[in-house]
Amino acid sequence: MLNSRQQLSMFVPVQAAIELEQVRRIVDPVQSSLIPAHITLCREDELGDLPAIRSRLQSLHLPAISLSFAPAEIFYEHGLIMHCVAGEDAFLHLREFVLDSKDIRAQRPHLTLAHSRNPKAPNNSLEVAASLPTPLQLVFPSICLIEQSSNHPWRVLETYEFSDGA
């Protein structure tokens, strides 16, 4: 039996991700091949009552989330991360809605350009990441339930679109 895990993520829209994906392929080709640029909304250990979470997502009446990110920083040796600098309140509100609780762990939205658990790529550097616009402003139009089996690429199981906020 394959080990698998699920999480809720918000993918960077394809057009907005062009430059991001170019950088990710250079600084961490392993991570880039496993999953496109995204924000993790809820990790696997938070999805205990998945049927209730799905029900809330199906009745999602919130506007798309807009987040802005600072320039990349190094984390854990050779990881490269872009921290959210605007929109974090909307992200927290969304997490509270999805998990139906205000008693949830703190989780800052971020974009991982290179993950430290992967081997360091030859061109993994802040200089490569510096080519990205700053602040990087992105609008996330949907939430996806995704799954990874073993070390295979993540795949989208379900997609939930944000509404106009009506």
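Computed over the stretch 74-142, the Cα gyration tensor eigenvalues convert (square root of 5λ each) into semi-axes of 28, 15, 9 Å, ordered from largest to smallest. Close amide H contacts of H115 (hydrogens built in the peptide plane, cut-off under 5 Å, sequence separation of 5 or more or a different chain): Q31, L80. Dipole check for the chain: with +1 at the C-beta of Lys and Arg, -1 at the C-beta of Asp and Glu, and the Cα centre as origin, the magnitude is about 300 Debye.
How high is the relative contact order of the stretch 1-121, in percent, counting Cα pairs under 8 Å that sit 6 or more residues apart? Before the final figure, lay out each step's value.
Numbers: 158 pairs, mean separation 37.8, N = 121.
Here the relative contact order equals 31 percent.
Helix 18-27 and the longest principal axis of the Cα set of the chain meet at an angle near 60°. By other beta-carbon atoms within 10 Å, ranking I39, I104, I26 with the fewest at the front produces I104, I26, I39.
Here the label points at Y76 and S4, each 7 Å from Cα along the C-beta direction, are separated by 2.5 nm in the simple model.
Most exposed first by the Cβ proxy, i.e. fewest other Cβ within 10 Å, how do D28, D89, D100 rank? Let's see the in-between values first.
Values: D28 26, D89 8, D100 12.
Fewest-to-most Cβ neighbours within 10 Å comes out as D89, D100, D28.
For the stretch 33-166, place one equal point scatterer on every Cα, skip the solvent, and apply the Debye formula. What is log10 of I(q)/I(0) at q = 0.09, 0.20 Å⁻¹? The computed values of log10 I(q)/I(0) come out as -0.30, -1.33. The stretch 1-61 and the stretch 120-166 have Cα centres separated by 6 Å. Legend: ranking of residues V12, V30 from fewest to most surrounding C-beta atoms inside 10 Å; resulting order V30, V12.
Laboratory data are not the source of any read-out in this text; all were calculated from the coordinates shown. These numbers were taken from a predicted model, which means no experiment stands behind them. So basically every Cβ, Gly included, is an ideal-geometry build from the backbone, and we count neighbours across all protein chains shown.
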